[in-house]
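Below you'll find the structure, written out as structure tokens, and then a few comments.
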Amino acid sequence: MKILNLDPDVKVLLPDGSTRQLQDYLIPSALLMVAALMLMVSMFVPYWSMTMTAPQYPKGLKVDVYVTHLAGDVREIDELNHYLGMPLLDEGGRFERSISTVAIVTLGLLLIAGVFVHNQWAALLAVPALAYPLVFLADLAYILYQYGHSIDPESALGGAIKPFMPPVWGEGKVGQFGTIANWEVGLYLAFAAVLVVLLALWFHRAAYKPIVDARKKVGSGK
Amino acid sequence: MKKRLLYLGLIAALLLGACGQPSQATPAASGLPADAAALAQERGLTQDDIYAALKTYMPSGQTDPFIMFSSGGQSGQVLVIGVPSMRILKVIGVFQRESWQGYGFGGSTDAVFKEGYMPDGSELAWGDTHHPNISETNGSYDGEFLFINDKANARLAVIDLRDFETKQIVKNPNTISDHGGAFVTPNTEYVVEGPQYGVPLGFEYAPTDQYQQQYRGLITFWKFDRLKGRVDPSQSFQIELPPYWQDLCDAGKGVSDGWFFCNSFNTELATGGVESGQPPFEAGTTKNDTDYLHIFNWKKAEEVFKAGKAETLNGMAVIKLQTAIDEGILFFSPEPKSPHGADVTPKGEFVIVGGKLDPHVTIYSFQKMQAAIAAGGLETDVYGVPVLPLDKVKEAQVELGLGPLHTVFDDKGYAYTSLFLDSAVARWTLGGDYASQHPEEPWTLVQKLPVQYNIGHITAVEGDTATPAGGFVVALNKWSIDRFANVGPLMPQNFQLVDISKGGDQMKVLYDMPIGMAEPHYAQIMKADRLKSIQVYPEIGWNPDTWSVDPTAITSEDEARVERNGTNVEIWMSVIRSHYKPEHIEINQGDHVVWHLTSLERTPDATHGFALSGYNINLSLEPGETQTIEFDAKQAGTFTYYCTEFCSALHLEMMGYFLVKP
């Protein structure tokens, strides 16, 4: 693979005396760092959104869920939800938001650590990043379930609405409101990071397995 | 899709046909969709009618490109109207309490309303609004503020166009009626209030046989502080004038920036007295062939005021008449006859005065005025004011018809003058730099369009600014007679929308709009995209009066509470769909109540009212707004408070009990 235009005369000398191109080692490192960077960037864009449409809201109401905070028409949605006795939007996922920055930075650092671990254990370091978007979705589903099942029976319409599961993705309906749940760019970045990590691990294995094998060969040859 | 294109094509063909021939043929064969053609046939609509309908119809959900601010006449209000649909968008309370906006029924607007009372505190509960003026930058509307006068009591009001609410009323302490207001200078340095009926300065008592010696006219230059959004009386000044009944005014702009012009109509110094055998005012004031156009150098007047050469009277700086003469602030020029209006052309080079009882408009050249002033050797009137001879300053006279009053302009070099007696709108051509914009000879009448009936003021889109936009004129007719279903002997006024988009003699009346709540005077039409209005107040707890967050506001329901200190009860109440907090207030008869209400809403149009039954209180709490009401709980009993603005499905439930223990 001739991705990087490096000097072909600069080579990596393996313990068994064979040589390999420098770029074979740069590619997995670069990819791991790119994946880490994607995770960092994802913190600044929404992961998930809920748009509500109703006749008297011609522009609709939208709440954007970031890993760190909620944005958009949170106030108005809470205002409307109080009739149904639904909890404040901000109450769901409070713990997760409080640890999200540290957690994602940790995921990124683990990926970068993989650059310095030159054997199969690098894959283990990447496992949290690989699992991350699925964990996010599972947690979101849990929060939404809790949300739809915490209706205050003392509220104005609390008796009239049955507990329900808001959709993680797709359309729903509550009263005169149509709801559209959407995955947003942050979540797609996290999934894209998974692909990049997988690619990185493939190149990582291709680069470092020969070294590990060469060491074994040299070691057993002694 | 194809069908729709076909229809559009047919309508376009119809319009083209309508332009070419003033045909009154029924539209059956014109190619309208069959059902529309049948409807037109059934209603007897002509092609002109269909053109007018298409020109004015605003499909549901579309907004008007222009917005008209009209005086509300005796209602003391301002009307806000969309053009060309002629739909009323809002009525703004100014000199009269207005309960929808909670204006003058508790809250901060009470203070605004009361500051317009007489100097001794006597209540003035109504006004006669005449001439709205939008604030200007470089002679064009900037959409920030609106000013309007009260002719009845010589007052001026400031409306902030961010929230369309009246923020200030100033009572002129030195005169009792005004007419030549409000008119702004090209950068809204001053809002000018010209007087009307002569009275002694400070409207002190003096018998009418002292008219020439004691009675005076008075023009006021109210300094406008744009940052504060208020006029500043301490930086304002007045100029004493002969008691000639100054009438309508306009500020110079462009080449005439720094000057100001007003017509007058009682140089006869008539004092009436028909009951004792004197000529009545209507005869006494019309005896002379000419009255005086008043020509002010206001920049000079400002210098004189700043140099301390004004006297103080009732807290206002007054430049005495002799000072105005000595300093070259005031000049006159004859104007025929019992004139009305003084309208400055867009670039400021001409002043146009309507004859009222003379069939001409007289066009004065600013350049010639300057030459005549420079030449000197001027004769004076009885008060010693230099008079510029008419033949030295006149640029042209155009015979238009009977009763020419007011003139506005378009972007094609035409002027439009209302003809009261002829009940018509005259389109005529300007000369000078404007002559190249139209095909006709300069200074000639082009068309007289009958309007129904008795037109007073006339207004055009940005038609009194440095940048007239053309398109539409509105005739502000005083009589409607037979134009609407009869609603009794007090009949609506008739605002008629006139199409001026085509040149020559092709003006057409498009639409009649009844005004059934007062008789408006002037109106201005502004491009709607100049508006800078807000939808919700910038932050929760906003005080619209101070335009900042109020220190007494609360920002969440958790802060809602009642505190008692002796017989003083202070309430902090939150207001949000669909409840007040608290919902029970229990106090003792005679307690003094200070009640802070804050809307926690952030959604456009989520307005709540607050009516306290039996206590004459009603507030409008728009999203984010804070208001404070203060009163003594004189009546014991069980009272209710409730939301007066339908806010939600549970709006009726938005109430509370105000329990006053005997």
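Summary table
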quantity: Lys, Arg +1 and Asp, Glu -1 on Cβ, resulting dipole of the protein assembly as shown about Cα centre, debye, nearest 20; calculated: 3660
quantity: Dimensionless Rg over Rh [chain A; C-alpha; Kirkwood]; calculated: 1.19
quantity: Most fluctuating residue given options A:Trp169, A:Trp183, A:Trp121, as computed from a GNM of chain A linking Cα atoms under 10 Å; calculated: A:Trp121
quantity: Amide H contacts under 5 Å for B:His130, placed H, 5+ residues apart; calculated: B:Asn149, B:Lys151
quantity: Karplus 3J(HN,Hα) series, Hz, for region A:146-160 with 6.51 cos²θ - 1.76 cosθ + 1.60 (x for Gly, Pro); calculated: 4, 4, x, 10, 10, 7, 7, x, 7, 6, 3, 10, x, x, 8
quantity: Vicinal HN-Hα couplings computed from phi for region B:591-606 (Karplus, 6.51 cos²θ - 1.76 cosθ + 1.60; Hz; Gly/Pro x); calculated: 4, 8, 10, 10, 10, 9, 10, 10, 7, 8, 6, 10, 9, x, 6, 7
quantity: Protection proxy ranking of B:364-371, A:16-23 - average other beta-carbon atoms within 10 Å, highest first; calculated: B:364-371, A:16-23
quantity: Around B:Gly401: net Lys/Arg minus Asp/Glu count, Cβ-Cβ under 9 Å; calculated: -1
quantity: Whole-number D in µm²/s for region A:1-107 (Stokes-Einstein; Kirkwood sum over Cα pairs; 25 °C, 0.890 mPa s); calculated: 135
quantity: Neighbouring partner chain Cβ atoms per residue of A:74-86, average, 10 Å criterion; calculated: 3
quantity: Against the rule of thumb 2.2 N^0.38 Å, how large the Cα Rg of region B:98-168 comes out; calculated: 1.18
quantity: Mean Cβ neighbour count within 10 Å, used as a protection proxy, ranking A:110-119, B:457-466 highest first; calculated: B:457-466, A:110-119
quantity: Sequence-distant residues sharing a close amide H with B:Val385 (under 5 Å, placed H); calculated: none
quantity: Phi to ³J(HN,Hα) by Karplus 6.51 cos²θ - 1.76 cosθ + 1.60 over region B:53-67, Hz, x for Gly, Pro; calculated: 5, 5, 6, 10, 5, 10, x, 3, x, 9, 10, 5, x, 10, 10
quantity: Mean Cα-pair separation over length for chain B, i.e. relative contact order, pairs under 8 Å, 6 or more apart, %; calculated: 9
quantity: Stokes-Einstein diffusion coefficient of the protein assembly as shown, Kirkwood radius over Cα pairs, 20 °C, 1.002 mPa s, in µm²/s; calculated: 65
quantity: Centre separation in Å (Cα based) which lies between region B:551-585 and region B:301-355; calculated: 53
quantity: Dimensionless Rg over Rh [region B:542-661; C-alpha; Kirkwood]; calculated: 0.95
quantity: Selected from A:Tyr208, A:Tyr147, A:Tyr57 as most flexible by GNM, with chain A as the system and alpha-carbon contacts under 10 Å; calculated: A:Tyr57
quantity: Three principal axis lengths of region A:46-159 [C-alpha, angstrom, descending]; calculated: 61, 30, 18
quantity: Cross-link reach list, lysines versus B:Lys532, counting only Cα pairs under 19 Å and skipping chain neighbours closer than eight places; calculated: B:Lys90, B:Lys167, B:Lys228
quantity: Computed [θ] at 222 nm, deg cm²/dmol, the protein assembly as shown (DSSP H ≥ 4; -39,500 (n - 2.57); rounded to nearest 500); calculated: -7500 deg cm²/dmol
quantity: Length-normalised contact order for chain A - Cα pairs under 8 Å, 6+ apart - percent; calculated: 32
quantity: Burial order of peptide ranges B:171-184, B:270-283, B:528-541 (average beta-carbon count within 10 Å, highest first); calculated: B:171-184, B:528-541, B:270-283
quantity: Fewest-first sequence of B:His521, A:His82 by Cβ atoms within 10 Å of each Cβ; calculated: A:His82, B:His521
quantity: Kirkwood-based shape ratio for chain B, expressed as Rg/Rh from alpha carbons; calculated: 1.02
quantity: Percent of beta bridges antiparallel (DSSP, region B:185-335, rounded to nearest 5); calculated: 90
quantity: Region A:1-62 - percent relative contact order, Cα under 8 Å, separation 6 or more; calculated: 17
quantity: Long-range HN-HN contacts of A:Tyr66 with modeled amide H, under 5 Å; calculated: A:Tyr47, A:Ala71
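Every number in this text was worked out from the coordinates using simple rules, so none of it is lab data. Please read these numbers as outputs of a predicted model, since none were measured by experiment. Note that each Cβ is placed from the backbone with ideal geometry, even for glycine, and that neighbours are counted across all protein chains shown.
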